[in-house]
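Engineer: I am attaching a structure below and will ask some questions about it afterwards.
Taken together, the values in this text are just the output of simple stated rules run on the coordinates, not laboratory data. Please read these numbers as outputs of a predicted model, since none were measured by experiment. Here the Cβ positions follow ideal geometry from the backbone for every residue, glycine too, while neighbour counts run over all protein chains shown.
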């Protein structure tokens with residue numbers, strides 16, 4: 001234990017002061033306290049197999065998004081080249097072309113708004129990615145159907161074909177002229193598929209970066225999130241290459 005010596009300051013006593021000076025002396029331990037030694041930081045061990053699994057699933061959605069961007073221009077050109085009158089897209093108007101291209105961005109806007117307004121704090125990132133994957137699959141199926149099983153469906157007509165000109169409800173409907181409104185099952189299915197695909201993009205562009213940042217080690221987190229952007233650009237390149245390979249067969253635009 002330490003002992004304390006109480007020393008009276010003579011000068012203070014002479015002046016009538018009541019201040020005292022305390023001096024502490026450690027008589028048992030004369031240890032010298034050394035300055036703290038800096039401990040070098042040790043980087044955490046990275047499980048690259050697990051990190052690859054964390055990265056691949058969200059990155060695949062980014063790849064498909066880029067693929068759609070790259071292939072769309074070629075698909076649009078192929079649809080305009082195919083003038084087979086048995087197919088609904090033989091007379092693809094400028095309005096329909098613009099609608100076809102812009103529906104993906106419109107769907108992405110809708111999807112991101114849904115996540116931001118209703119789902120950002122109520123569901124996890126995994127559920128967002130799963131919903132996005134489901135919308136991707138549904139959208140792709142509708143797009144393929146519009147160019148295959150629904151390829152020969154004509155546009156909706158007005159008046160409907162069961163409507164007779166004389167108004168008596170008879171089946172003799174060849175005696176009047178009908179007007180096409182430009183939309184049929186094929187085009188409606190294509191637009192619906194593009195919207196579903198776009199909504200999936202909106203979900204994925206919110207959930208994927210956050211999921212990868214939350215699941216990755218801190219020392220590689222920025223690199224993993226940035227790599228997803230590289231995968232999107234890679235998807236654009238692959239989509240352009242596939243579109244170029246299929247461009248000689250305009251009727252098979254669904255294959256691009």
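Engineer: Order these by the 10 Å Cβ neighbour count, fewest first: 86, 244. Spell out each step's value before the answer.
Structural biologist: Numbers: 86 9, 244 13.
Ordered from fewest to most neighbouring Cβ atoms within 10 Å, 86, 244 come out as 86, 244.
Engineer: Could the peptides 229-235, 92-98 be put in order, highest first, of the mean number of other beta-carbon atoms found within 10 Å of their residues?
Structural biologist: Numbers: 229-235: 16.6, 92-98: 12.4.
Descending mean neighbour count gives 229-235, 92-98.
Engineer: Could you let me know the centre-to-centre spacing of segment 205-256 and segment 63-115, using Cα atoms, in angstrom?
Structural biologist: 18 Å
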